[in-house]
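Reviewing the structure listed below.
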Amino acid sequence: MQSLMDTKTYFIHIIGAALHGETAPPLPSDADCARLYRLAVRNTVQRLFCKGLGAELAKFPAELQTKLQKSCQAAAVRESAQQDLLAALRAQFAEEAIDFMLLKGSHLKALYPAPELRFMVDMDVLVRERDLMRAKAILLRFGLETEFDNGKDIVFVKKPFLTVELHRSLFQENYFMYPYFRAVWNRAQQIGTHEYCMSDSDLYVYTLAHLAEHYTAAGSCFRPVMDLYLLETRRADALDFAYISAQFQEIGIEKFAENIRALAFCMFDGAQKTETLTMMENFVTLGPPVQNASAASAAAVSQKSKRRRILSAAFPSFRHMSVKYPILKKLPFLLPIFWAVRLVQYTFTKDKTIVRKKEELQNADRKSADVLARIFKESGL
């Protein structure tokens, strides 16, 4: 049976072949097909995986072939439902004069050999703060239901396939990248009566910044690395890397950005890997090398910015607080009082979610947190 590292390498070859319109090398005689399948699922690239394998898929056990076929069929139905909703939203937003901007996958899909090969878990739509409630009303009229509001976006669902994140901002107000990205509308390009988009250079910056956020939350896969690779190789003439580098420096993630750019060409163009890039490849492809990764990641990040995290947790932004306590929208001067109320609630609450998160952080293995802290540091974060 193939080792984990050999399986990972062959898996990346399969995906690379699909991106380049080629067929992967023959399936090794000792291939771990079950593990290859799990990697495809973890990175949500089942359709690319099947395309890259080509005729080699027939060598997989029948059970895995069936699972992959069903997964690809479900992805096709999801894709159709997403595109139908997107067309309806475009028309309705234009009719009601609501400025909007589609984010991430909705634009990145065009870079792939076929748009449907780029899986979208959800649809991300940014609107101006003043239009948020009108946009929400449209989604509700279209049959979606509000799942929750986290302060950054409102999440809507319509089972079984549709999830829409209606953004008021790109990051939470207490996240260190928020100040830079709050000016996203100032840099946007108008492409329709009320539709806007980022320039390719700004899309590159945002895609990598969003990856950095998920990377330190131990929730990243390699799909954003693939997006960045295709953005650079398919839109090279439209990218201004002097501008891009300056933005990363302003945000404070220039070292991570440099490493991710190098990693993309290692994974999908055969460039030579350093020890750090191999570590990063393992992290985004295989997942965190620790148990209870979410809690360990939170503990690892808190080692770097404990004081800032404590302050932001104790005194959230007005926007975050007004979601939890709507009366603040009418009486904003009561914010200090509700900070005090919140602190009391956190101290004495029996809320299961809060208790669970507290227990997860307390139970996070210090060794695991140290492992992730080292990975983040060596990655440039």
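Side notes on the structure shown:
- Output for the stretch 186-234, where each listed residue is of a type in the set (D, E, K, R) and in contact with a Leu (Cβ under 7 Å, 6 or more places away or on another chain): 200, 227, 232, 234
- Qualifying positions in the stretch 1-45 - polar (S, T, N, Q) and within 25 Å of the chain's Cα centre (by Cα): 7, 9, 43, 44
- Within the stretch 130-163, the set of residues being part of a loop (DSSP other than H, G, I, E, B), more than 20 Å from the chain's Cα centre (by Cα) and exposed (fewer than 14 other Cβ atoms within 10 Å of the Cβ) comprises 143, 159, 160.
- Matching residues, the stretch 159-184, being of a type in the set (Ser, Thr, Tyr) and free of Cβ contacts under 8 Å to residues at least 12 places away in the same chain: 178
- Taking (1) in the same structural domain as residue 101 (by TED's automatic domain parsing); (2) touching a Ser or Thr at 6+ places or on another chain (Cβ under 7 Å); (3) in contact (Cβ under 8 Å) with a residue 60 or more places away in the chain in turn, residue 156 satisfies each apart from (3).
- Among the candidates 79, 96, residue that is acidic (Asp, Glu) and surrounded by fewer than 16 Cβ atoms within 10 Å (Cβ to Cβ): 96
- Looking at 53, 64, just one residue is of a type in the set (A, V, I, L, M, F, W, C) and either in contact with a Pro (Cβ under 9 Å, 6 or more places away or on another chain) or surrounded by 20 or more Cβ atoms within 10 Å (Cβ to Cβ) (or both), and that residue is 53.
- Filtering the stretch 99-120 to residues that are surrounded by fewer than 17 Cβ atoms within 10 Å (Cβ to Cβ) and part of a loop (DSSP other than H, G, I, E, B) leaves 113, 114.
- Considering residues of the stretch 199-257 that are among the hydroxyl-bearing types (Ser, Thr, Tyr), more than 29 Å from residue 374 (Cβ to Cβ) and not in a loop (DSSP other than H, G, I, E, B) only, the residue farthest from the chain's Cα centre (by Cα): 243
- One residue from 182, 168 being in contact with a Ser or Thr (Cβ under 8 Å, 6 or more places away or on another chain) and either at pLDDT 90 or above or of a type in the set (Asp, Glu) (or both): 182
- Residue count for the stretch 186-242, restricted to those that are of a type in the set (D, E, K, R), touching a residue at least 40 places away in the same chain (Cβ under 8 Å), over 30 Å from residue 135 (Cα atoms) and surrounded by 18 or more Cβ atoms within 10 Å (Cβ to Cβ): 0
- In the stretch 258-284, the residues that are part of a helix (DSSP H, G or I) and farther than 14 Å from residue 379 by Cα: 265, 266, 267, 268, 269
- Considered as a group, the residues in the stretch 185-197 that are part of a loop (DSSP other than H, G, I, E, B) and in contact with a helix residue (DSSP H, G or I) (Cβ under 6 Å, 6 or more places away or on another chain) include one that is modelled with the highest pLDDT, and that residue is 194.
- Residue within the stretch 223-245 that is touching a Cys at 6+ places or on another chain (Cβ under 9 Å) and within 29 Å of residue 90 (Cα to Cα) present: no
- Pairs with Cβ under 7 Å, 6+ apart, first in the stretch 263-276 and free of Cβ contacts under 8 Å to residues at least 40 places away in the same chain, second basic (Lys, Arg): 266/273
- Scanning the stretch 255-282 for residues that are of a type in the set (D, E, K, R) and under 20 Å from residue 236 (Cβ atoms) gives 258, 261, 269.
The values are calculated or read from the model by the stated rules, or taken from the named source; none is laboratory data. What you see is a predicted model; the values in this text were computed from it and never measured. With ideal geometry, Cβ positions are generated from the backbone for all residues, glycine too; neighbour counts draw on all protein chains shown.
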